[in-house]
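Structure record follows, encoded as structure tokens.
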Amino acid sequence: VLWPPVQSQELQYGKHLRLSTTAPLVLSINGEIDLFPLLTWSGLVEILDRHGISMQVKRPFSGAQMRLSVDQTICPGRHRYELRIQPECALLNASDTMGLLYGVYALVQLIQLHSDVVHHKDRTDLYLPCISISDYPDLPDRAVLWSYRQCARSSYKGMRDAVQLLSKLHINRLFLSVESDATNVGAAFPGAETSDDETREDSSLDHEGNSLATKICAIDETCRRHGVELVPTLVISCVKQCVQMDSVIKNFS
């Protein structure tokens, strides 16, 4: 069981890929891909560390236990990936960087939910089920309209966690509704008004970072890292409504 559900999957019963703490896991990457942020944001490094398995990253290496590549000829389409876990290695081919991210999300889920952990006296073994997965989105753009009102506020941390969840659900666009009236910005955008608890949650931001502009930039950067396009959205509810191009709008990329 994977979420969101994949287009197709085929399980090879009784066969597993064994990962062990006795030797570092070698991961090979083919193509010009910024690998370290990808593995960090997807949670792959974190889940392996949790089981005590270290990782070494190498450019094209035939003996690697995990091999990642982006190749339109092998995997045509948009935001598509093909994941094959075999007894010798795990192969992940994607059509683009977004497809690669979605494929790593699926790999992390397999490790979290469907792997067997065996503890020995001197080592820990992790057994992944051998499976072939092919997945791609039904629609080219998947969007959520996020509206902030008096009853629906959030701190930057809450917004960041929401963006991470949307990315894992293969949502690639976020329409963020903002008020056109600058005087109502506090009710329209997270961080303009925060409680003491939310202020503590946002302690990672410095004093200057408490400004609305910096919070927008931080959320924009979080969206970029997770492959979600942040789009400022103005709701026009009256033909006589005055739309002011205030500082809030100008802070969106």
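The values are calculated or read from the model by the stated rules, or taken from the named source; none is laboratory data. The structure presented is a predicted model; accordingly, all values stated were derived computationally and were not measured. Here the Cβ is made from the backbone with ideal geometry for all residues, glycine too, and neighbour counts use every protein chain on show. These area figures cover heavy atoms from the full protein model, side chains too; ligands, DNA and RNA do not enter into them. Shrake-Rupley method; radii C 1.70, N 1.55, O 1.52, S 1.80 Å.
At-a-glance table
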{"quantity": "Pick from segment 109-130, criterion open to solvent by less than 10 Å² (accessible area, probe 1.4 Å) and out of contact with any Pro (no Cβ under 9 Å at 6 or more places or on another chain), ranking: farthest from LEU38 (Cα to Cα)", "calculated": "ASP125"}
{"quantity": "Residue, farthest from the chain's Cα centre (by Cα), within segment 153-173, restricted to residues that are modelled with pLDDT of 95 or more and outside any helix (DSSP H, G or I)", "calculated": "ARG173"}
{"quantity": "Restricting segment 174-191 to residues that are closer than 23 Å to ARG225 by Cα and in contact with a helix residue (DSSP H, G or I) (Cβ under 9 Å, 6 or more places away or on another chain), the residue that is modelled with the highest pLDDT", "calculated": "LEU174"}
{"quantity": "Residue count for segment 27-59, restricted to those that are closer than 25 Å to MET98 by Cβ and in contact (Cβ under 8 Å) with a residue 24 or more places away in the chain", "calculated": "20"}
{"quantity": "Unique match (being more than 20 Å from PRO4 (Cα to Cα) and open to solvent by less than 60 Å² (accessible area, probe 1.4 Å)) among SER95, SER62, SER69", "calculated": "SER69"}
{"quantity": "Residue count for segment 1-18, restricted to those that are over 23 Å from LEU166 (Cβ atoms) and free of Cβ contacts under 8 Å to residues at least 40 places away in the same chain", "calculated": "2"}
{"quantity": "Candidate set: segment 6-43, residues that are at pLDDT 95 or above and under 20 Å from the mean Cα position of the chain (by Cα); chosen: the one surrounded by the most Cβ atoms within 10 Å (Cβ to Cβ)", "calculated": "VAL6"}
{"quantity": "Residue in segment 131-152 that is modelled with the lowest pLDDT, counting only those that are over 25 Å from VAL104 (Cα atoms) and open to solvent by less than 80 Å² (accessible area, probe 1.4 Å)", "calculated": "ALA152"}
{"quantity": "Enumerated strands (runs of 3 or more DSSP E) restricted to segment 60-128, each holding at least 2 residues that are in contact (Cβ under 8 Å) with a residue 40 or more places away in the chain and not polar (S, T, N, Q)", "calculated": "66-70, 81-85, 116-119"}
{"quantity": "Test: residue in segment 207-223 that is within 26 Å of HIS79 (Cα to Cα), surrounded by fewer than 17 Cβ atoms within 10 Å (Cβ to Cβ) and modelled with pLDDT under 85", "calculated": "yes"}
